[in-house]
Amino acid sequence: MIASNIFIQELRDKLSLAELIGKKVSWDNKKSNQSKGIFWACCPFHNEKTASFKVDDIKGLYYCFGCHEKGDSITFLRKTENLDFISAIRRLASEAGLQIPNNFEAKQDSTHRKNREAMLSIHNLAVKFYINHLKENQSKSALDFLKNRIGSRKLIDDFQLGFAPEGKQSLFNYLSKQGYTPDIIINSGLCARNDHGEIFDRFRNRIIFPIINQRDEIVGLGGRALSSLAQAKYLNSPETEIFQKGKLLFNQNNFVPPMQKENSVIVVEGYMDVIALSKIGLKNCVAPLGTAVTSDQLQKIWRLSSTPIFAFDGDSSGERALARLAFLSLPLISAEKTIQACKLPTGMDPDDLVSKFGKETLITLLEKPQSLLEIIWEHETKGKTYKTPENRASLENRINAILKDISNTSLRNHFSSAFYELKKKLFSMSVNSYSDFLRGSKTPKYDSAGNNENKFRYRTNQPTKNAKTSLLGSDTKPDTMESRFQETAIVISLINHPKLITNFTAQLNEITFLFKDLKKIYQNIISLNTQRKMTRKGLLDKLNEMSGRDVYQQLISTGHLQVNPFLNEFSSFHEAQMTLDDVLTRKIAKQNLIQELADAQEDIQENNDETLTWRLEQANKFLHHAQSGKSIPNTLEKKTLEEDIEEINNLIKDEIWIKTKSKKKTNH
């Protein structure tokens, strides 16, 4: 009979009650709130003019406030179409695409209903027992855990958290005193019997998390071990008549549908992640019960939101879980429902991220989720190169196999077009160039007499892997590349030696950052140092906390800066001072030169005197000074690029100091 009840619950979960009833009634759109799963209509069981028949699609229940009819999908079919129980089951199974098990028992007698009610009742008592034990028996380990990881009494109450004591039969003895037999206690999964026939509590020395279904029924428990010696950190109830962990979601009962269903639910891996997000106001967060997301759970999630965001742990297991989910979803997605992913920093889960870096860091990541297309593309191509026909053919074979899994024809066509564009871009990248691969063939180097100068020395046009992926080897424009180098060097110098801020206050006030990420780091450095004088370590800790990442590692990995001895953390104050002085001088000069040229071009429209010619000549001199590395008499400075010289020569060539009208007259 247990198998039959499990199948019935699967039917209820699989089908939308609103869709089933919607075939027989017309919804009152003014009264209904479909985004919240609430539907109103005139009752199909009695005549009325005002809608009093309510359907809660999330809980899968209906109720009429007029005639008091109530039930679920099975009840509705039986009453509206005069079907017996097994006929209603067959109809629903057909609509859900499920096959009725061979051992399905059609007869639903009162004994089985009472057993289910007893299972629910015993779980309610168990949860109250664990809650009271947490309050009355002050376990230091439990209180320390709740204080450090949760902190809020309200959250503890909202999630009905409790504590299972270490005693082997604490719960069993309590339930026995309430009149429950050993058999029903064991069948509930709350206790078990060992090989010697001894009964013991399943949950001991653990924080207890009640698992509540969409009908607000406690159907199982999860336990988090407080001892590092425990065999399993997390433990769930076993499969029972009322508990199937592959079909349930932790915290679904607390879901509050917002006005818009898009992006309204976040899916994380564990109980503590859900509570961590709830603590910062992200209430609509659910989690599978310690297993990979199943298709049943995914369908439940889509009932809550058409575009859920999955925020799995930032480790290899989290990446694998996300990839499995992406491939699981492919046959199920449509134009109306898909999945997205929030990529967390390496080694962090949502609980870690919120605890260390706060709400805003997580919100920023959630606001820019990866699409399903991006998830799959990254999984298939990350860390790989495509220099040979075989590599490329292999990728195309995998993409074709992925496309076959997409059942929706329109979506499959759009995914195919998107993959085509991505492959085209990927194969055109220099790191994947056929020509680069062929030019890398080793060729012996000969002298003028035709002798091999060194049989171990070869000539190659192929850059090293590091060179190809560096900023210098990228397609970035030279002027942009140099500005990036300069600004990064400034920030690194200030991190390594915060005292330089005082020495170069005037010059630092003159510079303008072109890159927003570097500007943000620079502003944080100045702000932190203004509050109090910082050490290198103290400054870095604060910067990492504010940004949610390893700031220094990101900066030092920029191009050739990582090999500059004056920019590493071991450089002396004097070395760093000379480096910063040089970089600031060059950057300020570049800024002023650009401004001088812009002002000159603007003034040309109104003036034609020799002053402009002189200014252009001076700018040209400064360019040559900058190229030669010579010092210059004012803040117009040392470093420039060939484009600036060419720009000036073009200005002279076009005689820009002559007004347009005058040039036209001359041409006539």
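The values are calculated or read from the model by the stated rules, or taken from the named source; none is laboratory data. None of the values given here were measured: they were computed from a predicted structure. Every residue, glycine as well, gets a Cβ built from its backbone with ideal geometry; the counts of neighbours run over all protein chains shown. Quick note on the areas: whole protein, heavy atoms, side chains included, nothing else; ligands and nucleic acids left out. Shrake-Rupley method; radii C 1.70, N 1.55, O 1.52, S 1.80 Å.
First check a/c for the range 115-226, with a ≥ b ≥ c the square roots of the eigenvalues of its C-alpha gyration tensor; if it is under 1.5, answer rounded, and if not, answer prolate when a/b is larger than b/c or oblate otherwise.
Since a/c reaches 1.5 but b/c is at least a/b, the shape of the range 115-226 is classed as oblate.
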(message) From the phi angles alone, apply the Karplus equation (6.51, -1.76, 1.60; θ = phi - 60°) to the range 15-26 and give each ³J(HN,Hα) in whole Hz, x where the residue is Gly or Pro.
(response) 9, 8, 5, 5, 5, 5, 6, x, 6, 10, 9, 10
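Once the Cβ-Cβ distance between Tyr63 and Lys382 is put in as r, and R0 is 35 Å, what FRET efficiency do you end up with, to the nearest 0.05?
Efficiency at R0 = 35 Å is approximately 0.10.
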(request) State whether the range 187-236 is rounded, prolate or oblate according to the following rule on the C-alpha gyration tensor (a ≥ b ≥ c being the square roots of its eigenvalues): a/c under 1.5 gives rounded; otherwise a/b larger than b/c gives prolate, and the remaining case gives oblate. (result) oblate
(request) Give the long-range amide H neighbours of Leu61: residues separated by 5 or more places, or on another chain, with amide H under 5 Å away, using H modelled in the peptide plane at 1.01 Å from N. (result) Asp56
(request) Kindly write out, for the range 367-382 in residue order, the coupling ³J(HN,Hα) from the Karplus curve 6.51 cos²θ - 1.76 cosθ + 1.60 (θ = phi - 60°), rounded to whole Hz, with x marking Gly and Pro. (result) 6, 10, x, 7, 7, 4, 4, 5, 4, 5, 4, 5, 5, 7, 10, 4
(request) Work out, step by step, the length gained on full extension between Arg549 and Asn132: first 0.36 nm times the residue separation, then minus their alpha carbon distance; give nm to one decimal. (result) 146.0 nm
(message) Starting from 0.36 nm per residue, how many nanometres of slack lie between Asp28 and Glu239 once their C-alpha separation is accounted for?
(response) 71.9 nm
(request) Return the sequence-ordered ³J(HN,Hα) values of the range 182-197 in whole Hz as given by the Karplus equation 6.51 cos²θ - 1.76 cosθ + 1.60 applied to θ = phi - 60°, using x for Gly and Pro. (result) x, 4, 6, 5, 5, 5, 6, x, 6, 10, 9, 10, 7, 5, 8, x
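As a test of reading the structure, rank Tyr552, Tyr130, Tyr174 by solvent-accessible area (1.4 Å probe, protein chains only), most first.
Tyr174, Tyr552, Tyr130
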(message) Apply the a/c threshold of 1.5 to the C-alpha gyration tensor of the range 242-386 and tell me whether it is rounded, prolate or oblate.
(response) rounded
(request) Scan around Phe310 for amide H atoms under 5 Å from its own, H built in the peptide plane at 1.01 Å from N, and keep only partners 5 or more places away or cross-chain. (result) Val267, Gln340, Ala341, Cys342
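To the nearest 0.05, what FRET efficiency results for Glu569 and Leu373 with a Förster distance of 41 Å applied to their C-beta separation?
Working from the Cβ atoms, E equals 0.55.
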(request) Could you order Ser527, Ser26, Ser52 by accessible surface area, starting with the largest, using a probe radius of 1.4 Å? (result) Ser26, Ser527, Ser52
(request) Using a Förster distance of 22 angstrom, determine the FRET efficiency expected from the C-beta separation of Leu125 and Arg193, and round it to 0.05. (result) 0.65
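Tell me, in nm to one decimal, what length is gained between Thr530 and Ser394 on full extension, where the rule is 0.36 nm per residue of separation less the Cα-Cα distance?
Values: separation 136, 0.36 × 136 = 48.96 nm, distance 5.57 nm.
Answer, rounded to one decimal: 43.4 nm.
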(request) Can you pull the one-decimal nm distance between simple spin-label points at Lys70 and Lys516, each 7 Å off the Cα toward Cβ? (result) 5.2 nm
